[in-house]
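Only one structure is covered here, and it is reproduced in the block below.
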Amino acid sequence: MSMQSGVLRQGPEKPAGQPVSSQAPPSRGQPAAIRADHVSLVMTAGAGGDPPKEILRDITLSVGRGEVVSLIGPSGCGKTTFLNTVAGLEEGYEGSLEVLGDRPSAGRAEVGYAMSRDALLPWRTASRNVELGLEARKMAKKERRELARDALERVGLGDHLDSYRAQLSQGMRQRVALARTLVGNPSLLLLDEPFAALDAQTRVLMQEHLARVLTEYRGAVLLVTHDIPEAIVMSDRVLVFSQRPAHVSKEFTVDVPRPRSIVKMRSSSAFASLQDRIWSELAQGEEGR
Ligand SMILES: Nc1ncnc2c1ncn2[C@@H]1O[C@H](COP(=O)(O)OP(=O)(O)OP(=O)(O)O)[C@@H](O)[C@H]1O
Ligand SMILES: [Mg+2]
């Protein structure tokens, strides 16, 4: 299928101001990877005595098994907070939230979470950084080593198992962080701006890399990014969050078979048109500030 033949589809239009309910296609008998139903979150005052802050309002969305969904939205609107809530790190939300069929809880082996900074421990080798979560699960050393090697090979770092953080470029560090998230084959990946800290050239290389990794990965992905092309290339659907308090303001479907070529996709007119539509949706949200 070519990008020119109208395979990029925009999600259902909803009147301005009305939250969009974004639902994954029905999954085969299994619970969705993420099912959020009218999820709202108010942060209560911190030590400084700040007034309560409404961060999420009435978020209804779902991510199917094996589906890649991107979240894009203005800075400070609540994207990371939503990922944290899905990862079980943020309690006190209202509404219903199911992650792989259960209430969210931290430290689940089936959920891999890559936070926006690479956060590698400098005194551990790449392999030992990837093993961290497996150690916490009390996995035997030999098995851990093998899984870490496999994960690092998947991100093209098979020959850097014993390198320390200081010996790795920023792009390599991000790949180690990605390997740490992929290790043990979680059923759900949560990725928060995985390439934000990279220069433009390395970012494109990393995006190519992730697109390839995702071609083989069978689980679900929720990817937060500010990079519209990245969102389009990686995803089956792109959800736009409104300004805070965040809700889903619009959904776009990217109906292009994998493996995808970033170069081919980015040069197509359908891609440019979708990029424009997402951009105007974001700009509209910003105008309301
Ligand atoms: N622990 C906290 N206590 C109070 N407010 C918080 C806390 N964590 C985040 N916030 C506020 O929640 C809002 C949403 O933050 P969040 O980090 O989720 O935004 P974001 O969409 O990820 O932004 P960015 O794109 O800049 O990463 C912000 O206004 C932030 O100040
Ligand atoms: Mg964030």
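Just so you know, all these numbers are worked out from the coordinates, no wet-lab data involved. None of the values given here were measured: they were computed from a predicted structure. Methodologically, a virtual Cβ is constructed for each residue, glycine included, from the backbone with ideal geometry; neighbour enumeration extends over all protein chains shown.
This model, with +1 at the C-beta of Lys and Arg and -1 at the C-beta of Asp and Glu, gives the stretch 120-185 a dipole about its Cα centre of some 220 debye. Considering only the Cα atoms of the stretch 120-185, their convex hull presents on average a projected area of 3.8 nm².
Remark: the Cα gyration tensor places the stretch 122-276 in the prolate category, a/c being 1.5 or greater and a/b exceeding b/c. A run of the chain free of exposed loop cleavage sites, with GluC sites (Glu not before Pro) counted only in DSSP states other than H, G, I, E and B and at most 12 other beta carbons within 10 Å, reaches its longest extent at 92-289.
In terms of its C-alpha gyration tensor, the chain has an oblate overall shape, because the principal axis ratio a/c (a ≥ b ≥ c, square roots of the eigenvalues) is not below 1.5 and a/b does not outweigh b/c. Summing charges over all other residues whose Cβ lies under 14 Å from the Cβ of R35, with Lys and Arg as +1 and Asp and Glu as -1, gives -2.
For the stretch 187-242, rounded, prolate or oblate, judged on the Cα gyration tensor with a ≥ b ≥ c (square roots of eigenvalues), a/c < 1.5 rounded, else prolate if a/b > b/c? In terms of gyration-tensor shape, oblate. Taking every DSSP beta bridge that has both ends in the chain, the antiparallel portion is near 55%. Relative contact order of the stretch 117-246: 24 percent, from C-alpha pairs under 8 Å at least 6 residues apart in sequence.
Sites listed here are chymotrypsin sites (Phe, Trp or Tyr not before Pro) in the stretch 106-197 whose DSSP assignment is loop and whose Cβ has at most 12 other Cβ atoms within 10 Å: W123. For the chain, adding -39500 (n - 2.57) for each run of n ≥ 4 DSSP H residues and dividing by the number of residues yields -10000 deg cm²/dmol at 222 nm.
Electrostatic tally near L210: other residues with Cβ closer than 13 Å to its Cβ, Lys and Arg +1, Asp and Glu -1, net +1. Assuming charge only on the beta carbon of Lys and Arg (+1) and of Asp and Glu (-1), the dipole of the stretch 58-167 about its Cα centre is about 520 debye to the nearest 20.
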